[in-house]
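Note sheet for the following structure.
The values are calculated or read from the model by the stated rules, or taken from the named source; none is laboratory data. Keep in mind that this is a model prediction, so the values were computed, not measured. Methodologically, a virtual Cβ is constructed for each residue, glycine included, from the backbone with ideal geometry; neighbour enumeration extends over all protein chains shown.
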Amino acid sequence: EAEVAQSPRYKITEKSQAVAFWCDPISGHATLYWYRQILGQGPELLVQFQDESVVDDSQLPKDRFSAERLKGVDSTLKIQPAELGDSAMYLCASSFRGREEETQYFGPGTRLLVL
Amino acid sequence: AQSVTQPDIHITVSEGASLELRCNYSYGATPYLFWYVQSPGQGLQLLLKYFSGDTLVQGIKGFEAEFKRSQSSFNLRKPSVHWSDAAEYFCAVGARNQGGKLIFGQGTELSVKP
């Protein structure tokens, strides 16, 4: 069964350092989502791609976060510089065309700890 | 703006007992509604979803949920809980015409005692 791949699974970094997370969605899925999940809370959407274009980044802290999906397939989320409050689980999800009724398939996530 | 409330942060049930997890949403029209489950350190897996039609929805692993418009609720139920059901459960609402964006509740952690 096709799955969403994410790496690394765990990342420990010091504040002010740069970190990057990678996501490979299910093959053929045009829509890719990055969510942030703070411990004890539900996931919150950071950015949504349709193919290579950003369609929603309203909750992305653009002063330090960036995301790209250059060829409309895999995606990278970067934080520079990392802050203590960025410690969270970063989840990637994909869906076929991004329609509301479609299932979003989630990867295992990258757990980030900022010291 | 749409929102989701899961009133119970943590629930403990005995194995074999029935389960009901509560979810209330706020949205001006009929939303798309989802229940996801998350095992420790893992991503989210879809249990079931509701868009229209029959208000009682069947999902995987023996779960079902009922949409009640009058109560703005979408509660998740299971008649007999297994130890492997211990996990975090998230209710989510998807607004129409917003490209699949999901708004999640804060989650309910389920513990199962032998």
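If only one of A:97, A:69, A:36 is within 14 Å of chain B (Cβ to nearest Cβ), of a type outside the set (A, V, I, L, M), in contact with a Ser or Thr (Cβ under 9 Å, 6 or more places away or on another chain) and within 21 Å of residue B:44 (Cβ to Cβ), which one is it?
The conditions single out A:97.
Scan segment A:11-23 and give yes if some residue there is small (Gly, Ala, Ser), within 14 Å of chain B (Cβ to nearest Cβ) and outside any strand (DSSP E or B), otherwise no.
No, segment A:11-23 contains no residue that is small (Gly, Ala, Ser), within 14 Å of chain B (Cβ to nearest Cβ) and outside any strand (DSSP E or B).
How many residues are over 13 Å from the mean Cα position of the chain (by Cα) and either aliphatic (A, V, I, L, M) or facing chain A (nearest Cβ under 10 Å) (or both) when one looks only at segment B:40-55?
Going through segment B:40-55 one residue at a time, the tally reaches 5.
Could you please give the count of residues in segment A:80-114 that are within 12 Å of residue A:19 (Cβ to Cβ) and either surrounded by fewer than 22 Cβ atoms within 10 Å (Cβ to Cβ) or hydroxyl-bearing (Ser, Thr, Tyr) (or both)? Spell out the reasoning first.
Taking segment A:80-114 first, the residues within 12 Å of residue A:19 (Cβ to Cβ) are A:80-83, A:86-88, A:90, A:110-114.
Those still in the list that are either surrounded by fewer than 22 Cβ atoms within 10 Å (Cβ to Cβ) or hydroxyl-bearing (Ser, Thr, Tyr) (or both) too: A:80-81, A:83, A:86-88, A:90, A:110-114.
The number of residues fulfilling the criteria is 12.
Condition test on residue B:36, is it at pLDDT below 95, aromatic (Phe, Trp, Tyr) and surrounded by 16 or more Cβ atoms within 10 Å (Cβ to Cβ)?
Here the answer is no, as residue B:36 does not meet what is asked.
Can residue B:106 be described as at pLDDT 95 or above, at the interface with chain A (Cβ under 8 Å from one of its Cβ atoms) and surrounded by fewer than 20 Cβ atoms within 10 Å (Cβ to Cβ)?
So residue B:106 passes the test.
Looking for whichever is free of Cβ contacts under 8 Å to residues at least 60 places away in the same chain, surrounded by 16 or more Cβ atoms within 10 Å (Cβ to Cβ) and of a type in the set (A, V, I, L, M, F, W, C) here; the options are A:45, A:70. Which one fits?
It is A:45.
Within segment B:56-87, track down each residue that is among the hydrophobic types (A, V, I, L, M, F, W, C), away from chain A (no Cβ under 14 Å) and in a strand (DSSP E or B).
Residues satisfying the conditions are B:56, B:65, B:67, B:74, B:76.
On the given criteria, is residue B:72 over 15 Å from the mean Cα position of the chain (by Cα) and farther than 30 Å from residue A:110 by Cα?
no
Could you list, in sequence order, the residues of segment B:94-114 that are in contact (Cβ under 8 Å) with a residue 40 or more places away in the chain and touching a Gly at 6+ places or on another chain (Cβ under 7 Å)?
If the condition is that a residue be in contact (Cβ under 8 Å) with a residue 40 or more places away in the chain and touching a Gly at 6+ places or on another chain (Cβ under 7 Å), then B:94, B:102, B:104, B:105, B:106, B:107 are the ones that fit.
When the residues of segment B:15-33 are narrowed to those that are away from every other protein chain (no Cβ under 13 Å) and closer than 16 Å to residue B:88 by Cα, which ends up surrounded by the most Cβ atoms within 10 Å (Cβ to Cβ)?
Checked segment B:15-33; the qualifying residue surrounded by the most Cβ atoms within 10 Å (Cβ to Cβ) is B:21.
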